[in-house]
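Trainee: The following block contains the structure, expressed as structure tokens.
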């Protein structure tokens, strides 16, 4: 009798775990109905394996907004005297390269980019952002 009770509890636990996994995979913030994915709370995006499968697309507008914010930062730091000529030129060069790539990809794909192209541009912007933050911190 005790053995049957233990097996019953084990079966119930396995069913509960299976139900929880099914519920999590159907929840859009955990990767959508296709499973996989990871939690994407806040402003973070799904990776290539998110809700729409590997071909999930991303908006060019988000990249352009980020590029505009970086341009404002570089302008402010240059006007404030916290960037010398070399630092400002290097930051602008990196930002302009990312902007050019965004424009090329937008011409090719329209306003929505494939995940791989989106993340390549986002990584460029990450490098520019890291440079700007590092050089601004060196001034302080």
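The values are calculated or read from the model by the stated rules, or taken from the named source; none is laboratory data. On a predicted model such as this, the values are computed, not experimentally measured, just so you know. Heads up, the Cβs are rebuilt from the backbone with ideal geometry, glycines too, and the neighbour counts pull from every protein chain shown.
Conditions tested, residue by residue: (1) surrounded by 12 or more Cβ atoms within 10 Å (Cβ to Cβ); (2) more than 16 Å from residue 62 (Cα to Cα); (3) in the same structural domain as residue 66 (by TED's automatic domain parsing); (4) touching a residue at least 24 places away in the same chain (Cβ under 8 Å).
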position	(1), (2), (3), (4)
80	no, yes, yes, no
88	yes, yes, yes, no
92	yes, yes, yes, no
104	yes, no, yes, no
112	yes, no, yes, yes
121	yes, no, yes, yes
135	yes, yes, yes, yes
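Trainee: Go through the range 67-85 and count every residue that is modelled with pLDDT under 95 and either under 14 Å from residue 121 (Cβ atoms) or in a loop (DSSP other than H, G, I, E, B) (or both).
Mentor: Looking only at that region, the number is 5.
Trainee: On to the next question. Do we find that residue 55 is modelled with pLDDT of 55 or more and within 28 Å of residue 127 (Cα to Cα) in this structure?
Mentor: no
Trainee: Listed residues 98, 130; which is surrounded by 12 or more Cβ atoms within 10 Å (Cβ to Cβ), in a helix (DSSP H, G or I) and either within 17 Å of the chain's Cα centre (by Cα) or touching a residue at least 12 places away in the same chain (Cβ under 8 Å) (or both)?
Mentor: Within the list 98, 130, the selection yields 98.
Trainee: Let me ask another. Give me a count of the residues in the range 101-127 that are in contact with a strand residue (DSSP E or B) (Cβ under 8 Å, 6 or more places away or on another chain) and not in a helix (DSSP H, G or I).
Mentor: Summing the residues that are in contact with a strand residue (DSSP E or B) (Cβ under 8 Å, 6 or more places away or on another chain) and not in a helix (DSSP H, G or I) in the range 101-127 gives 4.
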